[in-house]
1. Among the residues of the range A:86-100, what is the count of those that are surrounded by fewer than 19 Cβ atoms within 10 Å (Cβ to Cβ) and aromatic (Phe, Trp, Tyr)?
2. Given the criterion out of contact with any Asp or Glu (no Cβ under 9 Å at 6 or more places or on another chain) and either surrounded by fewer than 18 Cβ atoms within 10 Å (Cβ to Cβ) or not assigned by TED's automatic domain parsing to the domain that holds residue A:286 (or both), identify the matching residue among A:243, A:222.
3. So residue B:174 passes all but one of these: (1) more than 19 Å from residue B:93 (Cβ to Cβ); (2) more than 32 Å from the chain's Cα centre (by Cα). Which condition number does it fail?
4. For residue B:60, state whether it is out of contact with any Leu (no Cβ under 8 Å at 6 or more places or on another chain), modelled with pLDDT under 85 and under 30 Å from residue B:145 (Cβ atoms).
5. When you go through (1) in contact (Cβ under 8 Å) with a residue 40 or more places away in the chain; (2) more than 30 Å from residue A:73 (Cβ to Cβ) one by one for residue A:183, which number turns out not to apply?
6. Out of the residues in the range A:101-121 that are in contact (Cβ under 8 Å) with a residue 24 or more places away in the chain and within 20 Å of residue A:205 (Cβ to Cβ), state the one that is surrounded by the most Cβ atoms within 10 Å (Cβ to Cβ).
7. So is residue A:138 surrounded by fewer than 20 Cβ atoms within 10 Å (Cβ to Cβ) and not hydrophobic (A, V, I, L, M, F, W, C) or not?
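The values are calculated or read from the model by the stated rules, or taken from the named source; none is laboratory data. Please read all numbers here as calculations on a predicted model, not as lab measurements. All Cβ positions, glycine included, derive from the backbone under ideal geometry; neighbour counts span all protein chains shown.
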Amino acid sequence: MNQWFKKFFLRNGLVLSLYMLLVTFIWIVVMFVLPQIFMFDFSFRFNWTQIDPSKIGGPDDVYTLQHYKFLLFGSPNNPDPFNIVDVSVFAHTILTAVFVTLFDVILCYPVAYYLAHVAKGGVTRLMMLSLVVPFWINELLRAFAFRILFGEEGSINNILVYLGILSQPIDFVRENIALYTGLGYAYILLMIFPIYNAVESLDRNQIEAARDLGSPWWRIHLRVVIPFAKPGITSGCTMVFMLSAGALALPQIIGGPSSLWFTQIIYQWFNTGSNWPRGSAYAVSLLVICVIFVLLIMKIFKVKFGEIGR
Amino acid sequence: MSSSTFLRFTINFYIFLFFAYLFGPLIVMSITAFNSASFPRLSPWDCFSTEWFGVLVNDARMMSGFKNSFIIGIAVVFVSVPIGLAGALMLGQLSNRVRPVFYTLTISTILVPGVVLGISTLIFWDRMGMIFNTEYESFFYDGIFLTIIGQSTFISAYTMLVFISRLQRFDSVLEEAALDLGATNIQYFRKILLPFLKPAIGSAAVLAFLASFENYNTTVFTIVSESTLTTVLASKVRYGINPSISALAVIIIGLTLTAAFIHEVLKRREHARENELEKEGKTLKVKTYSKTFRNPVSVMVLLIFVAGLGTAWMARGYNVQQCKIEAFAEKRKMQEELSKKRLAEMQKKLESQKAASATSSTTKAKKSAPGTDQYGSIFAPTNLGGQVESDEKKMETPETPKNQYQSIFAPTNLEAQVESKKQKKETPEAPKNQYQSIFAPSNLEGQVESQE
């Protein structure tokens, strides 16, 4: 370690070394790791700021598990064995995020493959650009667009009723269809590019060899392309899963009125509930479960973390 | 052979559907910005109008949010670009054992949900403020400062990825050569490395600004009592929507397309220059010029521009107010027909309740429209009960039509309408209110007819 520092300072000189060390230290430690630790710590504390601010730092300011208990079992006089609302919202969030991820893989894999191996020159460029352009537009505006499309008097209902397919407009928002479509839409780019990067580096000769040996197209994909693109697919899945589980704007705007997203509950504890420690406990739970889930998936598919984000 | 044609057709159709999914919502949203109806929609189309752009510009909250977003975006660029650069340089020099850990940590900042980042930043600085015992006005509690820090945490990782991909193409021989020739470390950094990284710095800055500008999840927690464009937008979209948001979208989409176009042109020019260096002596000026027009993107932008000009020309000498009045009259006619139809259907069913509800609705009509003249009895406010929501907002526009229709459009007429609409919205499980307000007028008419 000491030796490394010596080499590092010798190579970069004093000023640059200090710049690099200091800035990365501030970024990783002060801006990222310490806040996470503080949030973790805070989630085990009583909500003294609201109850009695003078007790902060006093003898009563001890650790407690009450917020995690609340997430699982609800308030002490809750007759049910579990905190049914919060736990079911949590399960709904995770499950939906999984389905959104699967939907995106299925949707994006053909396009990524097309981009990498079928489309040529100018077409590829144009497609790339038109992939990126929608994602420069604000997430909220995209959600708004979906609200226009899927509202009860929205364009899709109008068209379907006009064509006589529906006799009565469907409330897509209430049925959460708008939310699922919107979430799938929001993270397309994050799925396509990792898969594209992985598929693109595949040697075309491998595909041709498989074809010459008489393999039908679906088997080529199943046996040659997909195994090769696995790191890209997994990294796309990880990002889409984490981001859709942690989405806030889309559920707020196009989520059904009767179903919540877990981040909305966190938001409520911070804003209207004024219970920051409980909100942090919920946030920590979300983070931990998501990370465990992702690590599990990586273990199953045997992909290393370092391969993500390339 | 035919099966392969079929396959090809399927694939192309799939790609088409995919891009329709990608662009459909944005196109629909952009079109709704030009519909004068107060609810963003494609059909029924009322009138072509650009009034929503005016509404947008005059929205003080939106504009102050925009200002804050802009300030935060610039600050985030200045924080996250140096951090990303340091991170990328650092990554290249770490030992093989430490590098994966460092990389995992930096990438985690992207993967951790933005909500969690916002919360942890908020709590951390709140506690810091407590530890240092600072005043509430200090920057520890300042929404803009917290947002800059919170956003930079993960945006730095984006910029780092940009720098990493550029540094991969860096020839390390250059470094050795410079140092061998007696350059100091700082000279090497300033004269060799930074010029090489210049394009990456540019794209990292743009990326950082855009990511900051459109961020919501982190911002909504860290912004505390201030507001940014996204938080204003979110509250607007949640509590009642109108097409001024579509107008904002049109502006942003326009800017994005322009930026994409410029980016494409610059890239082509750079490409051409590289070609020029390779094939010396060949004149490439004509070639690049014609290439610009062969570029599909430029054709697309040109088409959009022409379409915009076309609509502007169509809009010339076109009276929005006149159109609105016509649309309103037409709607009223349709409404009357509809209510007559309904009357025929409902008359038998309502036989017994008719008397009671009719009297109640007449008193209601008298109460809510005291200022109506002789037309009042015909166009009683309750006549409009079932009218579409949009008509209410239309009347609120500053230039209320001043003509013979005035009494019909009197704001008092609309109160009843708005009320009934609101009741409908708020209590969907209480059909009684709805029932009364919709069918009451037709009952009334039925009575008149039967008396005649």
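1. Looking only at that region, the number is 1.
2. Exactly one residue qualifies, and that residue is A:222.
3. So residue B:174 meets the others, but not (1).
4. Answer is yes for this residue.
5. (2)
6. Of everything passing the filter in the range A:101-121, A:112 is surrounded by the most Cβ atoms within 10 Å (Cβ to Cβ).
7. On the way: surrounded by fewer than 20 Cβ atoms within 10 Å (Cβ to Cβ): no; not hydrophobic (A, V, I, L, M, F, W, C): yes.
So residue A:138 fails the test.
Yes or no, residue by residue, for (1) in a loop (DSSP other than H, G, I, E, B); (2) polar (S, T, N, Q); (3) within 19 Å of the chain's Cα centre (by Cα); (4) at the interface with another protein chain (Cβ under 8 Å from one of its Cβ atoms):
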position: A:85; (1), (2), (3), (4): no, no, no, no
position: A:103; (1), (2), (3), (4): no, no, yes, no
position: A:106; (1), (2), (3), (4): no, no, yes, no
position: A:114; (1), (2), (3), (4): no, no, no, yes
position: A:126; (1), (2), (3), (4): no, no, no, yes
position: A:134; (1), (2), (3), (4): no, no, yes, yes
position: A:144; (1), (2), (3), (4): no, no, no, yes
